[in-house]
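Derivation of every value follows stated rules applied to the coordinates shown; laboratory data play no part. In this text the structure is predicted, and so the values were computed from the model without any measurement. Using ideal geometry, Cβ is built from the backbone for each residue, glycine included, and neighbour counts are taken over all protein chains shown.
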Amino acid sequence: MTIINVEGMHCGKCVERITKAMEEAKLDFQVSLEDKTVTVEGCGQCVKTALEILDDLGFDGSVA
């Protein structure tokens, strides 16, 4: 399990956009608006993919 901090996530719409993109990539993840995090289950490649998705969506993601 890897926790990614997502500073720019501030509303339900952000969560929807992130969730949709992560589901399309078939990642095992959880999004927390309260904590402003995305938790990714899986290998390093899964985390890399998640970070790339966040970047493509305009979010600044960093591994906690």
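Filtered by the rule that a residue be over 10 Å from the mean Cα position of the chain (by Cα) and either of a type in the set (Lys, Arg) or surrounded by fewer than 13 Cβ atoms within 10 Å (Cβ to Cβ) (or both), the stretch 40-59 gives Glu41, Cys43, Gly44, Gln45, Lys48, Asp56, Gly58.
For Ile18, indicate whether it is assigned to a helix (DSSP H, G or I) and touching a residue at least 24 places away in the same chain (Cβ under 8 Å).
On the way: assigned to a helix (DSSP H, G or I): yes; touching a residue at least 24 places away in the same chain (Cβ under 8 Å): yes.
Answer is yes for this residue.
Among the residues making up the stretch 33-60, a single one is touching a Ser or Thr at 6+ places or on another chain (Cβ under 7 Å) and assigned to a helix (DSSP H, G or I): Val47.
When the stretch 1-39 is limited to residues that are over 15 Å from Asp55 (Cβ atoms) and among the aliphatic types (A, V, I, L, M), the one that is surrounded by the most Cβ atoms within 10 Å (Cβ to Cβ) turns out to be Val31.
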